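K.L.:
Pasting a structure below so you can have a look.
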Amino acid sequence: TGKRQPASGKRQAASGKRQPATGERQAASGKRQAASGNRAAGERESAMGNAASSVQGNRSGPGATRLERLSGAELSVLRLFRAGIPMTRAEAARALGQSHPGVASHVERLVETGWLTRCGTRASGAGRPAEVYRLNGRAACGVGIEIRPESVRRFVAAVDGRVLLDSVRPSRPREASSLNALIQREASAAISEARFFAPVAGVGVALPGLVDCSRNVLIRAPNLGLSEVYLDGLASRLGVPVVLDNEANLAAAAEQFAPRYQEISAGESAAHGAPAMDSGTGGLAGAGQAVTRTGGTGTASSAPGGTGDSLVLVSVTEGVGAGLVLDARLVRGDTWRAGEVGHMAIREGRRRCSCGRRGCWEQYVSERALWYDARRRGVYVANMETLLSMIARGDQVAWAVWESYLYNFTVGIENIVACFDPRRIVVGGRIAWLGNLLVEPLQRMVDEAGFPAQRVWIEASGLREIGPAHGAALAPFAPLYPEVSV
């Protein structure tokens, strides 16, 4: 035993030597943890800095654009600002009927995430001036692609509705594969361009036909000659959410909201191909101007943008469709066919339609119909804008064509009024540039048609031909617009 004790002492000594080594390892571990903690803290600070720069206009930041990350209460507050009206926290609280502290907290959160921005102060009684907030147009933007039989429109709008990009080029998609390729190509290009303005929230696609929004299927588009076109792979290929809908539905959605805070300057109007006419003399209504309507039911100002009312947006392009907003809800129908007013038969109608039937309304009131009737009477012009300018100037032959057109248009409007009982009927498309020359005759004829108990106002759309594309660009912001979302 005595001999084994020294060995035990050696082991204890060795153990003692190992203890300092263990202490050194623990110290090293502590240093690594501290370094790791510093790195993590640095990364968090870096992330916070990136988020802050995103709020201040970093156009590539992905985080701040996700509306889904906001709570229901925060979304309710944000919806107050979508009309572009600056408000204080107290005004927002009164509008919502909620407590000031709660709304103030939500407003601060929306400022932190970049959706709202401070835009000044306002006197508030005897106390300090109250800060005023508005929707931050640089928080995000949406891409809109509008497909038409002869062209494609590439469009970008900020979340506050401002037009950031608008271009049109000829295109004739006549096969499912070419339609898929066209949408992907145009959307990819628009996304690349849009990122110079703000983070991209998603893409909306306006299609001229029946669209099953739940399956992303173009059911039928007679003017494209296409049916059962599946477009459900676009989101994965583009890397952003994609919303598809009928072009008239999206135009109706835009009419409800975008005109409240969108103004197109005269220079932008020219860029859209608008004829330069003087709206004050009864010619083409200037962009962003209200149209005054007079008729048997009284007078009213038609400054665009409803307040939850019922409207029918009649979209006049190569065909004719309607977006139905009834009791502040966009109606699509049980099989997505609501609003196909262009294919209702009108009296004395005998022209064959692309849908295979005869006498459809769009064969008498579409752009193609107006162009066709003008040529039948010897009016040969290079484009639709020239024809509209001739009508606005009062050219005798062009005006005779216009009067016949208005008669056929009224027949369909009377049917819409009888079926849907809307408060407003808004006419979109390039013919809306004619302003009062369109609105006043239609209003008069509808008033004379025998609807004495109804007060139906006829309006020319403030968005005119960009309505479908503008609505498509707003579609990715569905949480902000629950009234018209799919």
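K.L.:
Find the accessible area per residue for region 372-449; the probe is 1.4 Å, ligands and nucleic acids are left out, and the unit is Å².
P.N.:
Normalised by residue count, the accessible surface of region 372-449 is 41 Å².
K.L.:
Taking the alpha-carbon centroid of each part, what is the distance from region 202-220 to region 355-394 in angstrom?
P.N.:
Region 202-220 and region 355-394 have Cα centres separated by 28 Å.
K.L.:
Please give, to one decimal in nm, the separation of the simple spin-label points placed at Cys119 and Asp212, each 7 Å out from Cα toward the Cβ.
P.N.:
Each label point lies 7 Å from its Cα, and together they span 4.3 nm.
K.L.:
Sticking with this structure for a sec: Determine the equivalent ellipsoid of region 126-204 by diagonalising the alpha-carbon gyration tensor, then write out the semi-axes as square roots of 5 times the eigenvalues, largest first, rounded to whole Å.
P.N.:
36, 11, 9
K.L.:
With θ set to phi - 60° and the Karplus curve 6.51 cos²θ - 1.76 cosθ + 1.60, what are the ³J(HN,Hα) couplings of region 455-460 in order, to the nearest whole Hz, using x for Gly and Pro?
P.N.:
The phi angles translate into 10, 9, 9, 9, 9, 9 Hz.
K.L.:
A further question follows. For Leu116, enumerate residues with amide H under 5 Å from its amide H, sequence gap 5+ or separate chain, H modeled in the peptide plane.
P.N.:
Placed amide hydrogens put Val111, Asn136 under 5 Å from Leu116.
K.L.:
Same structure, new question: Would you pull out the residues with amide H under 5 Å of Val211's amide H, same chain only if 5 or more places away, H placed 1.01 Å from N?
P.N.:
When sequence neighbours closer than 5 places are left aside, the close amide H contacts are Ile219, Asn246.
K.L.:
Can you pull the percent of region 371-486's accessible area that's carbon plus sulfur, 1.4 Å probe, other chains left in place?
P.N.:
Solvent-exposed carbon and sulfur of region 371-486 make up 48 percent of the total.
The values are calculated or read from the model by the stated rules, or taken from the named source; none is laboratory data. What you see is a predicted model; the values in this text were computed from it and never measured. Neighbour counts are summed over all protein chains in view; Cβ atoms, including those assigned to glycine, are modelled from backbone coordinates with ideal geometry. Heads up: the accessible areas ignore ligands, DNA and RNA and are worked out on the full protein's heavy atoms, side chains in. Shrake-Rupley method; radii C 1.70, N 1.55, O 1.52, S 1.80 Å.
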